[in-house]
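One structure is given here, and the rest of the page talks about it.
The values are calculated or read from the model by the stated rules, or taken from the named source; none is laboratory data. These numbers were taken from a predicted model, which means no experiment stands behind them. We place every Cβ from the backbone using ideal geometry, glycine too, and count neighbours over all the protein chains shown.
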Amino acid sequence: MADAKPFHWEYTPPPAPPEVFRIEGGRPLHGNVRVSGAKNAALKMLAAATLTGERCRLTNVPEIEDVRVMAETLRELGVVVDHPSPGVYEVASGDVDWLFVPLEAAAKMRASFILLGPLLARFGRVIISNPGGDRIGRRPVNLHVEAMRTLGASIDYRNGYYYAQAPGRLRGAEVRMPIVSVMGTENAMLAATLADGHTVIRPAAQEPEVDDLITMLRSMGADVTRTYPDTIEIYGKKRLRGAEHRVMPDRIEAGTFLVAAAVTGGRVTLEEAPCEHVSALVEVFEQVGIPIVCGQDTIDVDATGLRPGDIRPCQIETAPYPGLATDLQSPACVLLTQAGGTSRVTESIFEDRLEWLGELRRMGARVEVEDPHHATIQGPTALRGAEVSIGDLRAGASLILAALAAEGESVVHGAHHVQRGYEHIDRKFGELGARIVRTADPVARTATTVGPAGSTSPATAPSEASDPPAG
Ligand code: UD1
């Protein structure tokens, strides 16, 4: 079914305006910070709003580039997307005149593929670009496509696009996933809300963003229930109605700020931060000996009494929720550079998520990448300011963390990757006492990634970026 040499892979996204973060490190962060709305919930909710012709209103939506791209993608389909005030989006998709999600959207953001399920279920057809091709990283979408086929859709793949059709309605079915997939679960669930009959998704992802999406769907009139921790059941409805929903807080942003407090030797209180969403990271803090206290929707980290070497080394391994989020692997690695001894990191979810450690090494970290899934980190290391390049969203935030902890000035190229998923990150760190500014890049550099052997190669497919990898 795959095509020989589709024009698809020859597409080069327009360059992002080159910007850098300039960071003067070595200053402990102090104060309170409110966690923003969750990117990985808001994006799916904007897509879910197309399941009805009535108006849906979302609040606490983060002001980030990925949300802007999703809103723009919907507008190009003919969906009305209003943004009346910061954090508020209203979506009305009564008339959709263009059931085509182009490569431009997929190249900017892999999450555009979440439109497959809702558009197919509501309008019976959609043509959608494959975001997971060679050109932009190893991120398959086979589970999404197979789930739609199980629900009765016919899907062809030509020239880099999936042509999906479901004459009549989709049919409820048992959707068995060979591995746990967050967006795969969500796509199947969104499609099943309008399918004819009963759908069971197993194993279903257990990430809190999936449950927040379920809450929104239920207020739209959908019959969706998590019947077991790993099972979601849906009874399809003929139509759904408009709804209002407040997006949950971003647990990945929360984890990033927790690490920032720890590695700068500061004290920070997170507000709107449910502790249970970051319990795996809280456990890491407890294991390594950093004081952390969970309150009612607040988390307090106090690293002011710690001296170099007080932090203990540990072994971390990423896993689907409730395990340690792969999106928090890179912040956790920055933390482990400050632990006295050898820590070991296992990245179980993705293959390209340890490459960024090469950039961390430029700041003095003693890191060895054994293979795409394992690394060791020796500490404690007094990180030093350096010029580094961001290759993807989560690694970008982590290089900022390292720069905040480092002595001296760092110049972090590729700021646009971070804008994709972190709301006003420079302003928020600034309010905690960090010296960080975002400015035009005087010398635009190509983002580079450093492989396990330390070889530097151009990041033609910056993971989350054109990524698309993860976000
Ligand atoms: C989501 C998150 C991302 C997070 C990731 C894992 C969004 C927008 N992004 O990404 O931030 O890092 O979950 O928690 O919510 N896979 C396949 N075939 C598929 C789909 C996935 O083989 O069709 C594989 C992936 O390559 C990966 C694993 O399944 O190895 C899990 O990925 P998945 O949970 O699907 O990640 P996303 O939903 O894309």
- Do the conditions hold for Asp97, that is, is it without any contact (Cβ under 8 Å) to a residue 24 or more places away in the chain, of a type outside the set (S, T, N, Q), assigned by TED's automatic domain parsing to the domain that holds Thr193 and surrounded by fewer than 17 Cβ atoms within 10 Å (Cβ to Cβ)? yes
- Quickly run through the stretch 90-117 and pick out the residues that are within 13 Å of the ligand (Cβ to nearest atom) and assigned to a loop (DSSP other than H, G, I, E, B). Met109
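Kindly indicate which of Gln338, Gln329 is touching a residue at least 12 places away in the same chain (Cβ under 8 Å), surrounded by 16 or more Cβ atoms within 10 Å (Cβ to Cβ) and part of a loop (DSSP other than H, G, I, E, B).
On the way: Gln329 fails: part of a loop (DSSP other than H, G, I, E, B).
Unique residue meeting the criteria: Gln338.
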- Task: Sort through Ala173, Ala188 and tell me the only one that's over 23 Å from the mean Cα position of the chain (by Cα) and either within 11 Å of the ligand (Cβ to nearest atom) or of a type in the set (Gly, Ala, Ser) (or both).
- Result: Ala173
- Is there a residue in the stretch 332-344 that is within 16 Å of the ligand (Cβ to nearest atom) and within 23 Å of Gly421 (Cβ to Cβ)? yes
- Message: Considering only residues that are in a loop (DSSP other than H, G, I, E, B), touching a residue at least 40 places away in the same chain (Cβ under 8 Å) and within 14 Å of the ligand (Cβ to nearest atom), which ones fall in the stretch 294-326?
- Response: Pro320, Tyr321, Pro322, Gly323, Ala325
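Kindly provide the set of residues from the stretch 195-220 that are in contact (Cβ under 8 Å) with a residue 60 or more places away in the chain and either of a type outside the set (Asp, Glu) or part of a strand (DSSP E or B) (or both), ordered by number.
Taking the stretch 195-220 as the starting set, the residues that turn out to be in contact (Cβ under 8 Å) with a residue 60 or more places away in the chain are 195, 205-209, 212-213, 216-217, 220.
Selection gives Ala195, Ala205, Gln206, Pro208, Leu213, Met216, Leu217, Met220.
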- Options Glu359, Glu355: the member that is touching a residue at least 24 places away in the same chain (Cβ under 8 Å), among the acidic types (Asp, Glu) and not in a loop (DSSP other than H, G, I, E, B): Glu359
- With respect to Gly172, determine if the residue is in the same structural domain as Ile114 (by TED's automatic domain parsing) and touching a Ser or Thr at 6+ places or on another chain (Cβ under 6 Å). yes
- Query: Checking Leu74 against (1) within 16 Å of the ligand (Cβ to nearest atom); (2) closer than 30 Å to Ala402 by Cβ; (3) not small (Gly, Ala, Ser), which test does it fail?
  - Reply: (2)
